[in-house]
1. When the residues of the stretch A:192-233 are filtered to those that are closer than 30 Å to residue A:553 by Cβ and free of Cβ contacts under 8 Å to residues at least 24 places away in the same chain, which remaining residue is surrounded by the most Cβ atoms within 10 Å (Cβ to Cβ)?
2. Restricting to the stretch A:3-32, what's the tally of residues that are over 23 Å from residue A:91 (Cα atoms) and either within 9 Å of DNA strand B (Cβ to nearest atom) or of a type outside the set (Lys, Arg) (or both)?
3. Within the group A:240, A:272, which residue is within 11 Å of DNA strand B (Cβ to nearest atom), within 30 Å of residue A:516 (Cβ to Cβ), among the small types (Gly, Ala, Ser) and out of contact with any His (no Cβ under 6 Å at 6 or more places or on another chain)?
4. Restricting the stretch A:33-57 to residues that are within 15 Å of DNA strand B (Cβ to nearest atom) and touching a Lys or Arg at 6+ places or on another chain (Cβ under 8 Å), which is nearest to residue A:21 (Cα to Cα)?
5. Out of curiosity, is residue A:283 surrounded by fewer than 15 Cβ atoms within 10 Å (Cβ to Cβ) and over 23 Å from the mean Cα position of the chain (by Cα)?
6. When residue A:232 is evaluated against the numbered criteria (1) touching a Lys or Arg at 6+ places or on another chain (Cβ under 9 Å); (2) among the small types (Gly, Ala, Ser); (3) within 7 Å of DNA strand B (Cβ to nearest atom), which criterion, by number, is the only one it fails?
7. I'm trying to understand the selection: among the residues of the stretch A:347-370, which are in contact with a strand residue (DSSP E or B) (Cβ under 6 Å, 6 or more places away or on another chain) and not hydrophobic (A, V, I, L, M, F, W, C)?
Amino acid sequence: MARSNDEVAALFQEYADLISITGGDAFRARVYEKAARAIGGYHADVSTLDLKGLQEIPNVGKSIAGKVLEYFDTGSVSAVEELRSKIPAGVRRLTAIPTLGPKKALALYEELGISTIDELVEAVHAERLRDLKGFGPRTEEKILHGIGLLRAAGDRVLVDVAMDLAEDIVSRLSRVTGCLRCAYAGSLRRLRETIGDIDVLAAAKRSEPLMEAFTELPYVTEVVARGETKTSVRTDKGLAVDLRVIPPDSWGAGLQYFTGSKAHNIRTRELAVHQGLKLSEYGLFDVESGGKIVSETEEDVYARLGLPWIPPTLREDRGEIEAGLRGELPDLVTEEDIRGDLHTHTDLTDGLAPLEEMAAVAAERGYAYYAITDHGPDLYMQRMTDERMLAQREHVRELDRAYGGRGGRGGMRLLHGAELNIGPDGGVDWPDDFLAGFDLCVASVHSHFSQGREELTRRIVRACENPYVNIIGHPTTRIIGKRPGIDADLDEIFAACARTGTALEINAHPDRLDLRDADILRARRHGVRFAVDSDAHATIHLAEMRYGVGTAQRGWLTCDDVINTWPEARLRRFLRKGREERGRS
DNA sequence: GCCGTTTTCGGCCCGACTGTTTTCAGTCG
């Protein structure tokens, strides 16, 4: 289940929506949105805070803090209940339909009593919308179209799907004559785990040739809107793409603006306003003279606002503005910093490629070390045995020598490990004496996801306490869009990891990205170390490391936090996990 | 409803596009 912060955040987001729908003060609605976001991202559990503690959360004042307390005291918030009683839940759901916002949703409900999508479809077909002010035939069409998209699961897509498409679009548009610069922006540039639509930005003196090329891309199925500066299309996978064409000297301001996030932009614009400036996608301007100050690069824009350049993965208004003003932005881990992959499979278990092929691609990536971690025997379908594992170890040692081995300059070290299964009681596949033969062990939950919260927590804490478990693999086991994470007390697990010298994995596979960014931020406060791993089951999966690194960046991690950026000697010390006295060499 | 080295009151980001509108409201990002 969700942590109490998420519950409260969802409640206030709903309240903000209800305020908008009922025509309440727009600024009030915005405050609740801001408070919801601040609470969702706050490090401490809000259910443990008092009135004073709650008010230390940004955008939470006396009134909102009081509502949080009311929620935990009584299980509900009377102000929210009051609005809920006025507006059926279905009306709020109507606003999920593209082009249908709070005002139209309220009109539909008040004038026609419509509170479900089905009723809306029926009303459109009966031509009952035409009598409403502000609704015409085109509105009807758009609503039906929007409902179709909503139902066709035209939902958010995983980051890798969007990335592949965006990189292709950028490469095609870059070749258009007159295109001076082209890049993707938006949530994709910020490397969010899912992407709602793709924003592509281009710089050109004339937009027409770019708009033309854009609408004629082979996978474009529909041109939703077409203007001089902005064109929106939909692609055959249902993904929407916007192209914005801006003048070349607005590139920096445009890229900054369209990268977002919205919350980050609001903050940067506020900074501008306080300095008598105005920031828009066309540049940073002096309010009085109207003259343009800077905008050719993002660095210029941030610098004029008194900020260092802020990496896109931090632009979520989670403290990056404050840190930037103080000159304390983290020196984020990058893909180039990654020296090796510590969780990978071969065809000995459920991988697709043999050891040699996996190692060859790892070496091409320039890794200094590479761990093979096939499944242990407890996942019985993998048919692992002691003999097979020991035979693989010999094989790994041979290959290690072939790759330059010990002390070899530029050589890649191969580590032999295993991905252990954390059983229902927290035990793993092998006894200590067998585990002692591995260079490292990843341990992960693969089943019994629905144990009680305490049981699940204890189970993983026990795995951390195993002196041979170095990394907890995909810690929450979530599959994005398919399976929620397990209901464990993550803070207790984070504390156990920090105490025992066990790293938490950031699994880079795009449908996992586990831990997720918000959990990384919390874990970091416990002093936990992390391993960013591909969990590759095929050679192509090794390249998914980029999404794991993006997620690590979104969790504000530096090289010091990530064990697989460390030199081999430091990594090996960490992997000994306080077992030195046992005399392993 | 929150917030403040210009404010304890009066602000609160800004612009594009669409459709129904004859000058603008709604939606979106």
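1. Step by step, filter the stretch A:192-233, then rank; the result is A:233.
2. 2
3. The match here is A:240.
4. Here the residue is A:41.
5. no
6. Of the numbered conditions (1) touching a Lys or Arg at 6+ places or on another chain (Cβ under 9 Å); (2) among the small types (Gly, Ala, Ser); (3) within 7 Å of DNA strand B (Cβ to nearest atom), the odd one out for residue A:232 is (3).
7. The answer is A:349, A:367, A:369, A:370.
Every residue, every condition in (1) farther than 25 Å from residue A:505 by Cβ; (2) touching a residue at least 24 places away in the same chain (Cβ under 8 Å); (3) acidic (Asp, Glu), yes or no:
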site: A:371; (1), (2), (3): no, yes, no
site: A:385; (1), (2), (3): yes, no, no
site: A:388; (1), (2), (3): no, yes, no
site: A:396; (1), (2), (3): no, yes, no
site: A:399; (1), (2), (3): no, yes, no
site: A:414; (1), (2), (3): no, yes, no
site: A:417; (1), (2), (3): no, yes, no
site: A:428; (1), (2), (3): no, yes, no
site: A:431; (1), (2), (3): no, no, no
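The values are calculated or read from the model by the stated rules, or taken from the named source; none is laboratory data. As the structure is a computational prediction, the values presented were derived from the model and not from experiment. In this analysis, Cβ positions are derived from the backbone assuming ideal geometry, glycine residues included, and neighbour counts consider all displayed protein chains.
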